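The values are calculated or read from the model by the stated rules, or taken from the named source; none is laboratory data. Source: prediction; values computed, not measured. No Cβ is skipped: glycine too gets one built from the backbone with ideal geometry, and neighbour counts run over all protein chains shown.
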Amino acid sequence: MSTEFKLYNVKEEDLYVNKTKEEKMLLQQEMVVMAKERGIKPTARYFNTYPSTVRKYLRKYEQKSNQGN
């Protein structure tokens, strides 16, 4: 019996790893905005990732905004 992990029905080109640097930055910004509006877990479900990943981008964003002040 195979126990291979497969993400629902995600196309290969939609995977984060296959994005350009600019596309990744846009996705991260979208995650931060959505997480502030809806919360971490719903955002993680929407982007098909882990809540810890969303938290990481939130922390990264907050550090950048604090350095600017």
Review point. For Glu37, all conditions in the list (1) modelled with pLDDT of 90 or more; (2) surrounded by 12 or more Cβ atoms within 10 Å (Cβ to Cβ) hold save one; what is the number of the exception?
Key: (2)
**Study point:** Selected residue (criterion: nearest to the chain's Cα centre (by Cα)) from residues of region 14-34 that are assigned to a helix (DSSP H, G or I) and at pLDDT below 85
**Key:** Tyr16
Check your understanding: Between residues in region 44-67 that are on the phi > 0 side of the Ramachandran plot and residues that are not β-branched (Val, Ile, Thr), which pairs lie under 8 Å by C-beta distance while being six or more apart or on different chains?
Key -> Asn48/Leu7; Asn48/Tyr8
Practice item. Hey, can you tell me all the residues within region 40-66 that are modelled with pLDDT of 90 or more and of a type in the set (Lys, Arg)? Key: Lys41, Arg55, Lys56, Arg59, Lys60
